[in-house]
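No value in this document is a laboratory result; all are computed from the given coordinates. Being a predicted model, the structure only gives us computed values, none of them experimental. Cβ placement follows ideal geometry from the backbone for every residue including glycine, while neighbour counts extend to all protein chains displayed.
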Amino acid sequence: MKRRQSITSKHTKGISEETNFHHGFPALLADSFEVMENYYREKIQVLNQSLHQLNVMDNAREIAFVCREITIAKQGLEKAILKKQLHILKSR
């Protein structure tokens, strides 16, 4: 019996690879702090949407994975916001 891979795991497969790059900061070529901030906000939104499509009875492992990815993305967003604020303070 083959195990069927769900749509969510296909979409989140690349996400886990990029978030493991540097403590929540993927190999992102960002020319500004706003780009990094928007990246993380969109990533959180996409993960939340995929989370709402999952069923606890059928997708418990995927739910745990997506929740971990949301936590990592939120940490990345916090770091991006802090770096943006530090940059603003240094430029004054």
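Obtain the nm distance between the two label points defined at Glu78 and Gln53 by a simple spin-label model: each point lies 7 Å from its Cα along the Cα-to-C-beta direction.
2.9
From the backbone phi of the range 38-51, what are the Karplus-calculated ³J(HN,Hα) couplings (6.51 cos²θ - 1.76 cosθ + 1.60, θ = phi - 60°) in whole Hz, Gly and Pro given as x?
5, 4, 5, 4, 5, 4, 4, 5, 5, 5, 4, 5, 5, 5
Using θ = phi - 60° and the Karplus form 6.51 cos²θ - 1.76 cosθ + 1.60, what ³J(HN,Hα) does each residue of the range 75-91 get, whole Hz, x for Gly and Pro?
5, x, 5, 4, 5, 5, 5, 4, 5, 4, 5, 4, 5, 5, 5, 5, 7
Using the number of other C-beta atoms within 10 angstrom as an exposure proxy, rank Met57, Met36 with the fewest first.
Met57, Met36
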